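Colleague: Structure incoming, see below.
Computed from the coordinates by the stated procedures, all read-outs in this text should not be read as laboratory data. In this text, all values refer to a predicted model and were calculated from it rather than measured experimentally. Note that each Cβ is placed from the backbone with ideal geometry, even for glycine, and that neighbours are counted across all protein chains shown.
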There are 2 protein chains.
Amino acid sequence: MNKTAIASPWKNEAERKQERALKREAVLAAAAHMFSERGYHRASLDEVARVLNVTKPTLYYYFKNKEAMLYACIEHGLELLNAAGEDANEDGGRHTEDAANGMERLVGYLKRYAVVSETDFGRCAARISDNELSEESARKVRRIKGTIDRKIRDLVSAGIADGSIASSDPKVTAFALAGALNSIGHWHAGSASLPGARIANEYINLLVNGLAPRKAAP
Amino acid sequence: MNKTAIASPWKNEAERKQERALKREAVLAAAAHMFSERGYHRASLDEVARVLNVTKPTLYYYFKNKEAMLYACIEHGLELLNAAGEDANEDGGRHTEDAANGMERLVGYLKRYAVVSETDFGRCAARISDNELSEESARKVRRIKGTIDRKIRDLVSAGIADGSIASSDPKVTAFALAGALNSIGHWHAGSASLPGARIANEYINLLVNGLAPRKAAP
DNA sequence: TTCAGTTTCTACTTTTGAGTAACCTATGGT
DNA sequence: ACCATAGGTTACTCAAAAGTAGAAACTGAA
């Protein structure tokens, strides 16, 4: 599988480009970690640079400025959350013969969403307020958030249509679901005692079944 | 009821002290608004002062520094959230002859909690991360948050005991409930289109009944 | 060898906003 | 008349962190 038996320490054009992309991603990952850990303002680029074993100006070689880093983090986080929704459609259809109903698809999405919302990028997207960004970037972020919200809402609506979900208002329900899941990232950081997957499951169980006891399993 | 027929423009000792307390509260309210609107770091004290028609040093006459203001905001918010729980016990017992069950008391609490979490102070308490504070203050905040969490957990446990609530884990459930409610403050700020009370009700309805349809009302 | 381009560094400048010093001006008590 | 205190102002300092200028070091190519 190796292209060359011995790995040359000198890179050609393509390799250099790839390495640059790799480094850019490393910068982003470090920034995301910092942002989600300390918040945007308390995260200093000097320190981000330090954990990467470089100096601050190097970061500016890969990103225009700090805000650009934050935007990239949030955008990437939102893309992950969005991607968690993409296979909500596929997964249900592919796994079983008959198409999954609205509830099943929604729960599948929520589970994947929960997983992402515990990553650094996910937490950047979920926790950091838009208004840290320029109006320009904030608008873009809101657009993406809108499509995610739309996706949840559509799943809720589908569930209502096929009778698998009871909700009087898909719009508010979608807000509530996203809000509840986004909060996972918060407390997870605060009290690290609970295992993440456990929390997510309990959350989703609560959202699906509610606090009130059920007479019989539907 | 008036002590004097004509109000003297000159204040005595007691009136002065009260006025000072009033001004301190005004500073706090302005700060809370700023903090919850823009976040701690983006809120500038110069601007807080501006909306109060004073200058920045005046603020320092009432508070030691910016962090002290934030701490006071958060503490006050937490006190409100806590107070919302105090009358959870009273209210149930006082309103009807027979004592309210766990679920009823919990829902009562959650409703009041939701209302508070939409105020400036509530949002400061719910949204702003502890690590903006000194370790000293953060510890105190965590202690108060702990008692609130405990209160919710106890209500959940009580509900489980009397059969009005179904939950496998009061601890995680309490986290989830607080997290979900705290998120109200976020989105309310983002999309101001929905009326607050409506959102809170929908949220709580979701948490109580869940997404899954119920066969028959219990 | 020299050139052009890439990547990173050292050593700054700039900006922003928290915090302070020092000084006014009422007011009320003595 | 005088003083102490409360409450406020103007005009600063100071620190931290963002951002920049410009040189150095390396690479691959001509």
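Colleague: Taking a label point 7 Å from Cα toward Cβ, how far is A:ARG20 from its twins in the other copies, in nm, shortest first?
Modeller: Output for A:ARG20: 6.4 nm, nearest copy listed first.
Colleague: Then there is this: Classify the stretch A:110-172 as rounded, prolate or oblate from the Cα gyration tensor: take a ≥ b ≥ c as the square roots of its eigenvalues, call it rounded if a/c is under 1.5, otherwise prolate when a/b beats b/c and oblate if not.
Modeller: It is oblate, given that a/c is not under 1.5 and a/b is not larger than b/c.
Colleague: Turning to a different aspect of this structure: Listed here are the pairs A:LYS17/A:LYS111; B:LYS145/B:LYS215; A:LYS111/B:LYS215; A:LYS23/B:LYS140; which of them are more than 29 Å apart at the Cα?
Modeller: Pairs exceeding 29 Å: A:LYS17/A:LYS111; B:LYS145/B:LYS215; A:LYS23/B:LYS140.
Colleague: Would you mind putting A:155-161, B:134-140, B:59-65 in packing order, based on average other-beta-carbon counts within 10 Å, highest first?
Modeller: A:155-161, B:59-65, B:134-140
Colleague: Looking only at other chains, what is the average number of their beta-carbon atoms within 10 angstrom of each beta-carbon in A:167-174?
Modeller: 5
Colleague: When you look at the Cβ of every residue in A:178-185, what mean number of other chain Cβ atoms sits within 10 Å?
Modeller: Average per residue, whole number: 6.
Colleague: So, one more: Using a basic spin-label model with each label point 7 Å from the Cα along Cα→Cβ, how many nm lie between A:GLU19 and B:ARG139?
Modeller: The modelled label-to-label distance comes out at 4.9 nm.
Colleague: Could you tell me whether the stretch B:68-211 comes out rounded, prolate or oblate from its Cα gyration tensor? Rule is a ≥ b ≥ c as square roots of the eigenvalues, rounded for a/c under 1.5, then prolate if a/b exceeds b/c, otherwise oblate.
Modeller: Prolate is the answer for the stretch B:68-211, as a/c is 1.5 or above and a/b outweighs b/c.
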